[in-house]
Amino acid sequence: MAIARKGKLIVTKIMTNTQANYTDNFDPAIYLNDYFLVAPEVEDIFVAQFIIEAIKKMPSNLLTLDFGSGPVLSAEAVLAPQSREIHMCDYVPVSLDLLRAWVDDTPKAFNWAPYIKMALKEAGEPTTLESVAQRTTEMRRKITRLMHCNALSETPLGDNAIQYDLVVAESVTENVATSLTEWIQVMRNISSLVLPEGWLLICVLNDGKGYFVKEKFFSCIDLSNEDIRQGYLDVGYDPDTFYIETIASPGERGYSKLTCAVARKFGSPA
Ligand SMILES: C[S@@+](CC[C@H](N)C(=O)[O-])C[C@H]1O[C@@H](n2cnc3c(N)ncnc32)[C@H](O)[C@@H]1O
């Protein structure tokens, strides 16, 4: 999510981060139009670059999960070549409908071409119409499952007991948790989906209290980089593999920093 808002914000509703808040108030279509309608901005490029660098250390042929993906396909544009399959999940059913519309190439599908072009450019690949079309086809082929998930559950995918080589959770964990203690539980819940020696990559909005979607404000907890590092260690990640990067944001959407982090989970005890 990126794109600094031009113009004045009028706050009519402050949303607290409960599950009902997302089902009742988070409109994935409005989120898309508010954050992704215009060309990718600095924050989107930062996240793409972070993922590109992070996956260089990972095996090829990843089984990848985008957790709390919303209706958004920007990460998939980067992840597709190194993934054998990509699964996506979200708490809000309409997010999954919008993803399905894109995967099925229906007329109402959102246009992700600018983000696919950005992913190609950042990876140093050709950005011709043909390259964008090829990456689009690859994404559609590799996105094989769209599921409901709940970060607040110890079984976040319900009966789907799948574990992944890589789980990506962008702008999710800090939205769902209402305290640092709950955030660590959310990390533990999501981490249950990561295979031993698999990777967890998160991005969080920080240095603020939340984010706007049009006039609605969704609250987040504010995590320091040390909180994030400690959270990874608490839920079983190798500190030697931990990597974190932060970028300043314009601050017009409620937060003034965006941070991405990644680490590899310890293997099973011998
Ligand atoms: C700010 S959006 C981020 C979407 C996308 N990952 C991105 O980077 O733009 C937050 C997402 O968290 C999802 N979400 C909210 N509560 C959740 C929960 N309990 N479990 C999983 N996802 C949840 C929302 O439906 C929404 O899609």
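No disulfide-compatible partner, judged by a Cβ distance under 4.7 Å, exists for the following cysteines of the chain: Cys220.
Suppose we keep just the DSSP beta bridges with both residues in the range 13-264; what percent of those would be antiparallel, to 5? Can you show the working numbers first?
On the way: 19 of 42 bridges.
Looking only at bridges with both residues in the range 13-264, the antiparallel portion is about 45 percent.
Partner aspartates and glutamates whose Cα lies under 16 Å from the Cα of Lys216, excluding those fewer than 8 positions away in the same chain, are identified as Asp24, Asp27, Asp34, Glu252. What is the distance in Å between the Cα centres of the range 79-132 and the range 221-265? Spelled out, the Cα-based centre of one part sits 25 Å from the other.
Here the chain is treated with +1 on each Lys and Arg Cβ and -1 on each Asp and Glu Cβ, and its dipole about the Cα centre works out to around 480 debye.
Evaluate 2.2 N^0.38 Å with N set to the residue count of the range 13-264, then give the Cα radius of gyration divided by it. Write down the numbers at each step before the final one.
Working: Rg = 16.7 Å, N = 252, 2.2 N^0.38 = 18.0 Å.
Ratio of Cα Rg to 2.2 N^0.38 Å: 0.93.
Screening the chain for whole DSSP H helices of 24 Å or more along their axis (Cα) with average Kyte-Doolittle hydropathy at least 1.6 returns none. Between Met88 and Asp66, Arg145, Leu146, Met147, the built amide H atoms are under 5 Å apart, and every one of these is 5 or more places off in sequence or on another chain.
For the range 173-222, the set of GluC sites (Glu not before Pro) satisfying both a DSSP loop assignment and a count of at most 14 other C-beta atoms within 10 Å is given as Glu215. In the range 13-264, taking the dipole from charged Cβ atoms about the Cα centre, the farthest positive-side position among Leu98, Ile247, Ser153 is held by Leu98.
Values in this text are rule-based calculations from the coordinates and carry no lab data. Quantities reported herein were computed from a predicted structural model and do not represent experimental measurements. A quick note on method: Cβ atoms are made from the backbone with ideal geometry, for glycine too, and the neighbour counts reach across all protein chains shown.
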